[in-house]
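Peer 1: First the structure, which I've put down as structure tokens, then a few questions once you've had a look.
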Amino acid sequence: MSNTIFNRDHNTSSDRAFLTSLFSKYTVLGEDQAGSVNAKRVLTAFTAKFCARELLKEWRGLSGEALDAVVDSDQFDKTFKEFDY
């Protein structure tokens, strides 16, 4: 995981505060299978991209086309779908 944004370089109290802030900003109330709000906070495919943009900008220094290439890629969508349950 050393080549990802999830490495030991980002495991400080300020990093945790940053992530908490991001998730507070971009998560929405989830729904159960019946469509009723279940009070769990979730990232949607739409909000995950905004969250990822801020995270990659802050931790990897990406911007412009380089940032767009990651967030708007098929790989991003594929990975989101893999973990969206």
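Peer 1: Name the residues in region 26-36 that are more than 16 Å from Trp59 (Cβ to Cβ), modelled with pLDDT of 90 or more and surrounded by 10 or more Cβ atoms within 10 Å (Cβ to Cβ), would you?
Peer 2: Going through region 26-36, the residues more than 16 Å from Trp59 (Cβ to Cβ) turn out to be 27-36.
With the extra rule that they be modelled with pLDDT of 90 or more, the set shrinks to 27-30, 34, 36.
Listed by number, the residues that qualify are Thr27, Val28, Leu29, Gly30.
Peer 1: Now for a different question. Would a scan of region 44-59 turn up a residue that is surrounded by fewer than 12 Cβ atoms within 10 Å (Cβ to Cβ), in a loop (DSSP other than H, G, I, E, B) and small (Gly, Ala, Ser)?
Peer 2: Step one: list which residues in region 44-59 are surrounded by fewer than 12 Cβ atoms within 10 Å (Cβ to Cβ), which gives 45-46.
Subset that is in a loop (DSSP other than H, G, I, E, B): none.
Looking for residues that are surrounded by fewer than 12 Cβ atoms within 10 Å (Cβ to Cβ), in a loop (DSSP other than H, G, I, E, B) and small (Gly, Ala, Ser), one finds none in region 44-59, hence no.
Peer 1: Might you check whether a residue that is on the phi > 0 side of the Ramachandran plot, in a helix (DSSP H, G or I) and either without any contact (Cβ under 8 Å) to a residue 40 or more places away in the chain or within 12 Å of the chain's Cα centre (by Cα) (or both) occurs anywhere in region 62-84? Let's see the steps before the verdict.
Peer 2: First, pick out the residues of region 62-84 that are on the phi > 0 side of the Ramachandran plot: 64.
Checking the rest, the ones that are also in a helix (DSSP H, G or I) come to 64.
Subsequent filtering for residues that are either without any contact (Cβ under 8 Å) to a residue 40 or more places away in the chain or within 12 Å of the chain's Cα centre (by Cα) (or both) retains 64.
Scanning region 62-84, I find at least one residue that is on the phi > 0 side of the Ramachandran plot, in a helix (DSSP H, G or I) and either without any contact (Cβ under 8 Å) to a residue 40 or more places away in the chain or within 12 Å of the chain's Cα centre (by Cα) (or both), so the answer is yes.
The values are calculated or read from the model by the stated rules, or taken from the named source; none is laboratory data. All values derive from a computational prediction rather than experimental measurement. All Cβ positions, even for glycine, are placed from backbone atoms using ideal geometry, and neighbour counts span all protein chains on display.
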